[in-house]
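Scroll down for the structure; my scribbles are underneath it.
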Amino acid sequence: MPAPAPLHLAAEIGGPPHDDTGRLVRLARTAEEGLLDFVTLADSFGGPGPDALGALARIAPETGRIGLVPTVTTTHTEPFHVQAGVATLDWVSRGRAGWRVDVSTSAAENRLVGRRETLGPAAAWAEAGEVAEVSRLLWDSWEDDAEIRDTSTGRFVDRDKLHYVDYRGTAFGIRGPSIVPRPPQGHPVTVVDASAAVSRDTAARHADVALLRARTAEEAAALGADLRARAAAHGRDPGALRILATLVVDLGDGPAASAPDGGHFGGSPAELADLIARWHAGGAVDGFHLVPLAPDTGLARFTRGTVAALRERGLFRDRYEDTTLRGHLRLARPASQYATTGGVS
Amino acid sequence: MTAGPTRPRKQIHLAAHFPGVNNTTVWADPRSGSQIDFASFVHLARTAERGLFDFFFLAEGLRLREHKGRVHDLDVVGRPESITVLNALAAVTDRLGLAATVNATFNEPWELARRLASLDLLSGGRAAWNVVTSSDAFTGENFRRGGFLDRADRYTRAAEFVAAARALWDAAGEGPRSFAWSGDHFAIAGESAPPRSPQGRPVVIQAGDSDEGREFAASAADIIFTRHGTLEAGRAFYRDVKRRLPGYGRREEDLKLMPGVTVVLGDTDADAQERAAEIRRQQISPQNAIHALELVWGRDLSAYDPDGPLPAVDPDPESALVQGRVRHADPFEAAARWRALSEEKGLSIRQTVIETTSRQSFIGTPSTVAAAMTEFVERDAADGFILVPHLTPGGLDDFVDTVVPLLQERGVFRTRYTGTTLREHLGLAGTGVEGLTA
Ligand SMILES: Cc1cc2nc3c(=O)[nH]c(=O)nc-3n(C[C@H](O)[C@H](O)[C@H](O)COP(=O)(O)O)c2cc1C
């Protein structure tokens, strides 16, 4: 029997109160003690608390290994700023950054900018895909060895290794190159929630990690197979897509049904370990993205109970084997798309 | 000069500029480190906090500069996105203010007000925004709306942007948090304000020298970052800007003037002068001298010898040779000035550039520098300084170790932080602690 694929675990650390930095640090450290691949921090364009990218940058120096994945919306923002911000999170965390791409389709969010027509979900997700694509182009626009500091010629950079991206999308164009040198991971990890049909194609085309909600292992497997087929249709290696099931979990002490119900799970930490082991063994998903209903108590229960149980069964890592988020996810560091194509034209 | 007992000595404000993307930074020096690794930012920020500085400052550029149609390759380039790196620095510092330069032309008020309020929240009240306004189509090619703003409109948008951001910041806190703004440039409304700012609202800095820029600063800024570094130019600028304040119902002490300056230290004044000259030679390499000449002339002058005389040809005023930099308003005037200087002193191209592009420096022993800085501030040429070191990231180590203690001995610089927010460090109104630092 082939060795089982590694199990990947992530957890959401958001939820009110939004204004307590110490709490975010504690939650991220708890997740890191559990050796999770990454934490997510939910956000929206009109969100009430600190913006998620800023908050995870704030806690980056207070953590060492865990991946940091803020939600970043693409509908009302400047793509050039978005890619620079995510690349910078990768620099300050030394290769632990990702971003969870999301859209803003509400009229209320639109009124915060007041200059665009409200985009429907399909158009917004298509544009999010364009932002993901141009971000990768801009991350690649500095080849890894563009900085040369050649004192004999007085040149700081080799401009043949800096590239205009000249992207023309439906709603924006960008000349490039980025102002931020290529981030440590090459490409910070792109995460897309593929639960809704409208986001599925964007996920298949652009995500390194796709999140999905499912009631059963069979349903998760079917959605995952669909995603991988679409990824292949876009010319990608479907094996380079990690698929995590999002579970909203209530690990309270009270009696609860221990089966996920519409992506909700209630039960004991050990019961959750059973469920994770079962779904994973069946090959339905590569891992799980836990959304604790009450993160302040639930996350510790998850890492000390569920994760410990999974580790005892040899199903989850007992130490970090890598320093970057791509490393945790066993995703290769991509080469720059421009690396062999020569200089600025 | 001793202070009389009735007038408390004016206090100096200090800020640290992370060396940016221009030829101030001498990357060819073997002590020059990375301009992008987070460790560099940590080093300079912690040095500044050890020196009890008011704030740490990051410049911004939104497109790599070009020369003769290609990316300019002689200077340091490549930097992180300011607000994100400052959020991370908030974790490794405790009191230091954190100032981000962010363009008002290529951003929108809600998003930026929220990001700055977030930085303020996550740093415990230490955020500042340096509002810059470049609006050229060259930069615009990286943004959704392209080069959409006439130069004449740059400050009307900036002023309305800051007013809208303040309305958003002021809506945070107790009670209803809904807000609305409607003006010529923005029409926005929402139900939930950005997070509450621990210092009321982030500090606003202005950098820009035109009459409109000064007026905007007088109306809305807490700090002006200027280039007027000599004593006389500083005094004139100081008088000009401060006299504009009453028109906006503001007091002199509501706006701090902080020129960007460099400091070169030595064991003797002569030693420091020698080091300063050497640094200028490193900053103006032969290649950089020709480049600086081309910035004025707008012509390809690569055939000229940097150690030879200035070109006899006239500048090309229509030139598109240079992109992403402010050009001399009148290149003929600048060229005439450079020629006159070169003829008078018998200077080569490189020597002329070294003389004409030098920014204000304090050069000498630590005690000479401490005395000169004190005089500047006491004679109202400045309220403090933004120090621009020529080395990353160790360029302020010596200043903090040797000059800061002398300023403290003179009673013109704090010996500990008395507040936790940047507004408190600056003694700015709105914090309930006015006068504490006077
Ligand atoms: C000391 C100083 C520093 C500046 N730093 C920046 C900067 O980091 N980024 C930027 O885009 N513009 C910068 N500028 C440009 C100005 O903010 C301003 O946009 C430009 O000078 C045009 O305005 P003005 O006509 O009022 O001078 C700086 C200007 C000054 C005087």
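Odds and ends about this structure:
- 10 Å Cβ shell holding at most 14 others, DSSP loop, trypsin sites (Lys or Arg not before Pro): longest site-free stretch of chain A: A:1-114
- Among A:17, A:184, A:121, the residue with the largest mean-square fluctuation in a Gaussian network model of chain A, with springs joining Cα atoms closer than 10 Å, is A:17.
- Annotation: aspartates and glutamates with alpha-carbon distance below 20 angstrom to residue B:345 (same-chain offsets under eight excluded): B:274, B:278, B:305, B:307, B:333, B:355.
- Residues in the stretch A:202-332 average 42 Å² of solvent-accessible surface per residue, probe 1.4 Å, ligands and nucleic acids excluded.
- The charge dipole of chain B, taken about its Cα centre with unit charges on the Cβ of Lys, Arg, Asp and Glu (plus for the first two, minus for the last two), comes to roughly 920 debye.
- Solvent-accessible area, 1.4 Å probe, carbon plus sulfur percent, for the stretch A:65-223: 47 percent
- The Kirkwood radius of the protein assembly as shown, taken over pairs of alpha-carbon atoms, gives through the Stokes-Einstein law at 25 °C and 0.890 mPa s a diffusion coefficient of 88 µm² s⁻¹.
- For residue B:263, the residues 5 or more places off, or on other chains, whose built amide H falls under 5 Å of its own are B:362, B:388.
- Residue (of B:341, B:52, B:420) at the positive-pole extreme of chain B, dipole from beta-carbon charges: B:420
- Cross-link reach is defined here as a Cα-Cα straight distance under 23 Å, omitting same-chain residues fewer than 8 places apart; for residue A:161 the lysines meeting it are B:68.
- Among B:246, A:174, B:298 the positive-end extreme of the charge dipole of the protein assembly as shown (Cβ point charges): B:246
- Rounded to the nearest Hz, the phi-derived 3J(HN,Hα) couplings of the stretch A:54-71 under the Karplus curve 6.51 cos²θ - 1.76 cosθ + 1.60 (θ = phi - 60°) are x, 5, 6, 5, 4, 8, 3, x, 9, 10, x, 10, 5, x, 10, 10, x, 6, where x marks glycine and proline.
- Those residues of the stretch A:55-82 for which accessible area with every protein chain present is at least 50 Å² below the isolated value (1.4 Å probe): A:58, A:61, A:78, A:80, A:81
- Note on chain B: with a GNM built from Cα contacts shorter than 10 Å, the maximum mean-square fluctuation among B:386, B:224, B:349 falls on B:349.
- Accessible surface of the stretch B:309-434 [probe 1.4 Å, protein heavy atoms]: carbon and sulfur percent: 49 percent
- Proximity of backbone amide H atoms, modeled 1.01 Å from N, is registered between residue B:136 and no other residue at under 5 Å, excluding neighbours fewer than 5 places apart on the same chain.
- Here the convex hull built on the C-alpha positions of the stretch A:1-57 has a volume of 97 cubic angstrom per residue.
- Between helix A:21-33 and chain A: long-axis angle, C-alpha atoms, 0 to 90°, nearest 10: 70 degrees
- Here is the list for the stretch B:242-310: trypsin sites (Lys or Arg not before Pro) lying in DSSP coil, each with at most 14 other C-beta atoms within 10 angstrom of its C-beta, are B:243, B:251.
- Top positive-direction residue, dipole computed over the stretch A:32-186 with Cβ charges, set A:119, A:95, A:185: A:119
- Degrees between helix A:269-281 axis and first principal axis of chain A (Cα, 0 to 90, nearest 10): 60 degrees
- Only DSSP H runs of four or more residues enter the estimate; each adds -39500 (n - 2.57), and after division by the residues of chain B the mean residue ellipticity at 222 nm equals -11000 deg cm²/dmol.
- Accessible surface, the stretch B:220-317, averaged per residue in Å² (probe 1.4 Å): 46 Å²
- In this structure, the amide hydrogen of residue A:249, modeled 1.01 Å from its nitrogen in the peptide plane, lies closer than 5 angstrom to those of A:265, A:291, A:293, counting only residues at least 5 positions away or on a different chain.
- Here residue B:256 is the anchor, and the aspartates and glutamates within straight C-alpha reach of less than 17 Å, apart from those fewer than 8 places off in the same chain, are B:54, B:209, B:215, B:222, B:240, B:375, B:378, B:380, B:383, B:424, B:434.
- Stokes-Einstein diffusion of the stretch B:1-155 at 10 °C, 1.306 mPa s viscosity, Kirkwood radius from Cα pairs, rounded to a whole number: 90 µm²/s.
- Between B:209, B:383, B:316, the Gaussian network model of chain B with springs among Cα atoms under 10 angstrom shows the greatest mean-square fluctuation at B:316.
- Interface size, chains A and B: roughly 5400 Å² of accessible area buried, both sides included, 1.4 Å probe, rounded to the nearest 100.
- Here the 3J(HN,Hα) profile of the stretch A:140-150, calculated from phi with Karplus coefficients 6.51, -1.76 and 1.60 at θ = phi - 60°, is 8, 5, 9, 5, 4, 10, 5, 7, 10, 6, 8 Hz, Gly and Pro shown as x.
- In the stretch B:104-197, the GluC sites (Glu not before Pro) that fall in loop regions by DSSP, at most 13 other Cβ within 10 Å: B:174, B:191
- The string of couplings for the stretch A:97-108 from the Karplus curve (6.51, -1.76, 1.60, θ = phi - 60°) is 8, x, 8, 9, 6, 9, 10, 10, 10, 8, 5, 5 Hz, one whole number per residue in order, with x for Gly and Pro.
- Cα-derived Rg to Rh of chain B, Kirkwood definition: 0.96
- Rounded tilt (10° steps) of A:217-233 against the dominant C-alpha axis of chain A: 10 degrees
The values are calculated or read from the model by the stated rules, or taken from the named source; none is laboratory data. It should be emphasised that the depicted structure is a prediction, and the values quoted were computed from it without experimental measurement. Reconstructed Cβ throughout: ideal geometry from the backbone, glycine too, with neighbour counts over all protein chains shown. Side chains included, ligands, DNA and RNA excluded: accessible areas come from the protein's heavy atoms. Shrake-Rupley method; radii C 1.70, N 1.55, O 1.52, S 1.80 Å.
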